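The structure appears right after this line, and notes come after that.
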Amino acid sequence: MKLPTIPASRRPILFAALALAVLLGAFGFVADEVIEGDTVVFDRAVTMVLRDNGDIMNPIGPAWLEEAGRDVTSLGSFSVLGLIVILVLIGLLLVKRPWTAAYVTFAVLSGTILSSVFKQIYDRPRPEMLEAMRVFTSSFPSGHATVSAVVYLTLAALLAPLCADRRLAILCLGAGVFLTLLVGVSRVYLGVHYPTDVIAGWSLGAAWALVCWVGANVLGLNRR
């Protein structure tokens, strides 16, 4: 029996739906395991790989590497992300794309609210090895991982199609993914989050960025 052919115009949406199902499934699985307490061994094992000589309070590597970790993790802070979004919004307004600017604002603010809501729902305590960094919210999911995924991946997905050069578009997408991963890893390295916090944050943030990308396609906001 011949399988039905999917029109080329619908394939991106189909792939996006499948990816969304995987990302939400991953978040749900991790969240369920965290609630049941089944991630303790995994979280500790990954965390200890990044500790020096088994000292849970001491990240692996020289002092400059730990300082670099703090610099990198700031790329996922509300202050830095806010400045990046503001600069992008100004750029979009200068090239006369006000609706795209409004949509980016909606995507970022709603993603941030989503992260805060889930933090309130799960209210997981932070790792006990917190020392040098001040934190103000609960642990699950990682706010830095979630919001950096929302911002960097959404901006990359919306701006890449506007690039005239394909290589520049690939660089835009690659930078979004790279920065998102880097911020998440830095949170575990510094000991301010469990690995499962970051995995859940990546999954949730990427899922929301994907939803926003589909919405932008439907509205035609990322067409040159």
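In this structure the amide hydrogen of D52, modeled in the peptide plane, comes within under 5 Å of the amide hydrogens of N58, I60, none closer than 5 places in sequence on its chain. Residues with beta-carbon under 12 Å from that of I60, excluding I60: net charge, scoring Lys, Arg +1 and Asp, Glu -1? With Lys, Arg at +1 and Asp, Glu at -1, the neighbours total -2.
Mean residue ellipticity, 222 nm, helices only, the chain: the sum of -39500 (n - 2.57) across DSSP H runs of n ≥ 4, divided by residue count and rounded to 500, is -24000 deg cm²/dmol. Annotation: per residue accessible area for region 57-127 equals 60 Å², rounded to a whole number [probe 1.4 Å, protein chains only].
Classify region 1-123 as rounded, prolate or oblate from the Cα gyration tensor: take a ≥ b ≥ c as the square roots of its eigenvalues, call it rounded if a/c is under 1.5, otherwise prolate when a/b beats b/c and oblate if not. It comes out oblate by the Cα gyration axes.
According to the Kirkwood relation over distinct C-alpha pairs, the hydrodynamic radius of region 87-178 is 15.0 Å. Protection proxy ranking of 209-218, 179-188, by the mean of other Cβ atoms within 10 Å over each peptide's residues and highest first, is 179-188, 209-218. Taking a quarter of the surface of the Cα convex hull of region 113-224 gives a mean projected area of 7.3 nm². Computing P(r) over Cα pairs in 10 Å bins from 0, in percent for the structure here picks out one of [x] 6, 24, 30, 17, 9, 8, 5, 1; [y] 9, 36, 37, 15, 3, 0; [z] 8, 31, 32, 19, 8, 1, 0, namely [z].
Near R124: Cβ cut-off under 15 Å, other residues only, Lys/Arg at +1 and Asp/Glu at -1. The net charge is -4.
Computed from the C-beta positions of L94 and I170, the FRET efficiency with R₀ = 25 Å rounds to 0.55.
For R224 and F15, a Förster radius of 30 Å and the Cβ-Cβ distance give a FRET efficiency of 0.90, rounded to the nearest 0.05. Would region 8-55 count as rounded, prolate or oblate if I go by the C-alpha gyration tensor, calling it rounded below 1.5 in a/c and otherwise prolate when a/b exceeds b/c, oblate otherwise? Verdict is oblate for region 8-55. Ordered from largest to smallest accessible area (heavy atoms of protein chains, 1.4 Å probe), the residues D55, D123 come out as D123, D55. Helix check for the chain. Which DSSP H runs span at least 27 Å along their own axis by Cα, with a mean Kyte-Doolittle hydropathy no less than 1.0? Helices meeting the criterion: 11-36, 166-190, 195-219. Tell me, what is the percent relative contact order of the chain, built from C-alpha pairs under 8 Å that lie six or more residues apart? Taking the mean separation of contacting Cα pairs over the length of the chain, I get 29 percent. Residues with beta-carbon under 15 Å from that of T180, excluding T180: net charge, scoring Lys, Arg +1 and Asp, Glu -1? Here the charged neighbours net out to 0.
Solvent-accessible area assigned to carbon and sulfur over the chain amounts to 70 percent, based on a 1.4 Å probe.
The values are calculated or read from the model by the stated rules, or taken from the named source; none is laboratory data. For clarity, every value in this text was computed on a predicted model and none was experimentally measured. Note that each Cβ is placed from the backbone with ideal geometry, even for glycine, and that neighbours are counted across all protein chains shown. Note: accessible area is taken over every heavy atom of the protein model, side chains too, but ligands, DNA and RNA are not part of it. Shrake-Rupley method; radii C 1.70, N 1.55, O 1.52, S 1.80 Å.
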